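This report refers to the structure that appears directly beneath it.
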Amino acid sequence: YDGVLHLVTAAHGAEKFYKHGEVTDDAGNTVFRLETPNIARELDDKVRDAWSQHPRRRLVGNEADGFEGKMRRSVDFIMEIINGKMHNV
């Protein structure tokens, strides 16, 4: 892979936005998410560790800039890969 983009679960740092059990999603649909926040964090950590040696891995966490910022930082990374400007990650 040219790059690995890891969107950190909301259960890590944005807990108030993490939905689990039977809930209504942002589109108004009833959905069920089995993973509790603790399990989501454990699974997220395993995925992070599995890709830890990839030279072009980017973790996109839950920062003060919110979801929009998370998406912007994700797009920025993708554009770095596309433009071949990727440096030390």
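Which of the trypsin sites (Lys or Arg not before Pro) found in the chain are loop residues per DSSP with 11 or fewer other Cβ atoms within 10 Å of their Cβ? Taking the chain and a limit of 11 other Cβ atoms within 10 Å, the loop trypsin sites (Lys or Arg not before Pro) found are LYS85. Please report the relative contact order for the range 1-71, taking Cα pairs under 8 Å with a sequence separation of at least 6, and give it as a percent rounded to a whole number. With pairs under 8 Å counted, the relative contact order is 43 percent. With θ taken as phi - 60° and the Karplus curve 6.51 cos²θ - 1.76 cosθ + 1.60 applied, the whole-hertz 3J(HN,Hα) list for the range 41-48 is 5, 4, 5, 4, 4, 5, 5, 4 Hz, x standing for glycine and proline. Got a sec? Charge dipole of the range 30-89, +1 on Cβ for Lys and Arg, -1 for Asp and Glu; which of ILE39, ILE81, GLN53 is way out at the positive end? Highest projection toward the positive end goes to ILE81. Applying both filters, DSSP loop and at most 14 other Cβ atoms within 10 Å, to the GluC sites (Glu not before Pro) of the chain gives GLU63. On the beta carbon distance between HIS54 and THR24, with R0 = 41 Å, the FRET formula returns roughly 0.70. Once the chain from ARG33 to ALA14 is taken as fully extended at 0.36 nm per residue, the excess over their C-alpha distance is 5.2 nm.
Values of log10 I(q)/I(0) for the chain across q = 0.24 Å⁻¹ run -1.21, by the Debye formula with one identical scatterer at each alpha carbon and no solvent. Between GLY21, GLY61, GLY13, find the one with the highest GNM mean-square fluctuation for the chain; connect C-alpha pairs within less than 10 Å. Ranking GLY21, GLY61, GLY13 by mean-square fluctuation puts GLY21 first. Each Lys and Arg contributes +1 and each Asp and Glu -1, all at the Cβ; summed about the Cα centre of the chain, the dipole is approximately 260 debye. Qualifying chymotrypsin sites (Phe, Trp or Tyr not before Pro) in the chain, where qualification requires a DSSP coil assignment and no more than 16 other C-beta atoms within 10 Å, comprise TYR1, TRP51.
Other residues lying with their Cβ under 12 Å from the Cβ of ARG57 contribute a combined charge of +1, Lys and Arg counting +1, Asp and Glu -1. Positive contributions from Lys and Arg (+1) and negative ones from Asp and Glu (-1), summed over other residues with Cβ under 12 Å from the Cβ of VAL75, come out at +1. Counting only DSSP H runs of at least 4 residues, each contributing -39500 (n - 2.57), and dividing by the residue count of the chain, the helix-based mean residue ellipticity at 222 nm comes to -12000 deg cm²/dmol.
FYI, it's all coordinate maths here, none of it is from the lab. A quick note: this is a predicted structure, and the numbers were derived from the prediction, not measured. When we count neighbours, we look across all protein chains shown, and the Cβ atoms used for this are built from the backbone with ideal geometry, even at glycine.
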